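Here is the structure we will look at, set down as structure tokens.
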Amino acid sequence: MYKTRIIGTGSSTPEKVLTNKDLEAMVDTTEEWIITRTGIKERRIASDGETVSTFAYRAALNALDMAGVAPNELDIIIVGTITPDMPTPSVACILQNKLKATHAWAFDVSAGCTGFLYSLAIADNCIKAGSCKKALVVGTELLSKITDYQDRTTCILFGDGAGAVVVSREKGERGILSTHLYSDGSCADLLYMPGGGSACPASHESIAKRMHYLKMDGNKVFKIAVKSLEEAALTALRHNNLKGEDIDLLISHQANIRIIQAIAKRLDLPPEKVFMNIEKYGNTSSASIPIALDEANRQHRIKKNDLILLDAFGAGFTWGSALIRW
Ligand code: UT7
């Protein structure tokens with residue numbers, strides 16, 4: 001019996017911190033509102049000259065180092081991102097070149113905040129199909145570049161960073177037990193960025209209309225996110241004949257502390273079984289789960305044979321879960 005096992009984790013976030021107090025000076029908001037409504041205290045923001053591949057590269061090196069895998073042993077590099085360095089080439093190809101991962105084929109996945117889970121599931125399926133043995137899976141974002149710092153309903157939420165895992169085909173029962181992925185394009189206009197694609201390329205008009213920033217109907221997204229995350233988590237449990245009490249650690253997309261608490265309540269999980277770092281980083285989209293996974297791993301919150309549930313929701317809409325026997 002072979003499984004896809006995570007053998008190394010890594011992450012990297014910018015040095016620069018944007019606090020709630022800083023935001024108070026930028027838009028009509030208060031520190032108290034942000035903390036009570038979101039759980040976010042601060043977020044990391046890239047400095048000039050730093051790109052999404054800067055952090056992807058550092059996170060990848062950390063994950064490869066922990067895994068004891070050399071870049072030229074990688075068969076595939078998959079990067080979940082909605083904020084690539086440029087429309088083409090992909091961040092994955094930029095990363096392949098930086099790492100000198102000469103044997104890897106590489107591509108990006110655009111699936112909003114579910115980008116890392118989608119990428120992990122693709123890597124798992126490639127390994128199961130026998131088309132690769134080792135893959136690097138990354139979630140990386142510079143959301144600060146597409147955040148409107150005049151819009152108080154979104155700018156308080158987002159941050160920058162990257163997380164990565166190395167997965168390997170390994171003998172035994174430990175590894176990815178299941179992945180469940182979903183999408184619903186009918187809700188696209190609740191969370192989207194209208195400008196910058198081929199439908200609306202950059203122009204003086206598109207810039208004047210602030211079309212190159214994320215737009216979100218936060219309250220509607222919130223309600224659908226809770227429902228979808230619950231559904232994906234419960235499906236993972238049912239599929240594996242497990243109950244909430246069997247889970248050792250829930251690592252959910254870090255979008256809002258109230259969303260994570262609602263999922264934890266639905267699964268009947270006590271606080272010590274729920275990993276949270278939203279207070280430090282805010283919502284980093286596809287980077288949020290791999291950054292949290294790496295922090296949980298390095299803080300020894302995860303032990304061998306633990307059952308780890310990953311759960312994500314994002315633009316598209318996209319959502320899904322992955323259950324892992326560590
Ligand atoms: O990562 C992908 C998926 N994204 C998410 O899952 C995000 C989901 N949404 C959320 O996290 C929450 O909906 C928000 C944090 C964005 C907003 O919280 P909410 O509890 O849903 O607030 P709301 O949108 O219902 O707004 C309540 C009030 C409004 O004022 P009125 O109309 O009641 O007078 C807003 O204008 O809060 C106001 N408001 C703010 N007040 C102070 C909105 N943003 C702010 C702000 N500071 N930054």
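Figures for the structure shown
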| quantity | calculated |
| --- | --- |
| Residue-normalised accessible area of the stretch 2-173, expressed per residue, 1.4 Å probe, Å² | 41 |
| Relative contact order computed over the stretch 2-173 (Cα-Cα under 8 Å; 6+ residues apart), in percent | 35 |
| Pairs of lysine residues in the stretch 177-325 - Cα separation under 25 Å, sequence separation of 8 or more or cross-chain | 23 |
| HN-Hα J in Hz across the stretch 165-171 - Karplus 6.51, -1.76, 1.60, θ = phi - 60°, x for Gly and Pro | 9, 9, 10, 9, 6, 10, 6 |
| 11 Å reach of a label modelled at TRP105, 7 Å along Cα-to-Cβ, counting backbone N of the stretch 67-96 | 76-77 |
| Hz values of 3J(HN,Hα) by residue in the stretch 305-322 - Karplus curve (6.51, -1.76, 1.60), Gly and Pro given as x | 6, 4, 9, 10, 10, 9, 8, 9, 8, x, 3, x, 6, 10, 7, x, 9, 9 |
| Amide H contacts under 5 Å for ALA106, placed H, 5+ residues apart | ILE77 |
| ³J(HN,Hα) computed for each position of the stretch 145-152 - Karplus, 6.51 cos²θ - 1.76 cosθ + 1.60, integer Hz, glycine/proline x | 7, 10, 9, 8, 7, 10, 10, 5 |
| In the stretch 247-313, the trypsin sites (Lys or Arg not before Pro) that fall in loop regions by DSSP, at most 12 other Cβ within 10 Å | LYS303, LYS304 |
| Beta bridge orientation in the stretch 2-173: antiparallel %, DSSP, nearest 5 | 70 |
| Amide H contacts under 5 Å for VAL274, placed H, 5+ residues apart | LEU250 |
| Amide H within-cut-off set for PHE158, under 5 Å, with H built and near neighbours excluded | ASN283 |
| Distance between the stretch 79-129 and the stretch 1-70 - C-alpha centres, whole angstrom | 18 |
| Charge tally in the Cβ shell below 11 Å around ILE278, where Lys, Arg are +1 and Asp, Glu are -1, ILE278 excluded | +2 |
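The values are calculated or read from the model by the stated rules, or taken from the named source; none is laboratory data. Treat the numbers as computed from the prediction; the structure is a model and nothing was measured. Every residue, glycine as well, gets a Cβ built from its backbone with ideal geometry; the counts of neighbours run over all protein chains shown. Keep in mind that these areas ignore ligands, DNA and RNA; they rest on the heavy atoms of the full protein, side chains included. Shrake-Rupley method; radii C 1.70, N 1.55, O 1.52, S 1.80 Å.
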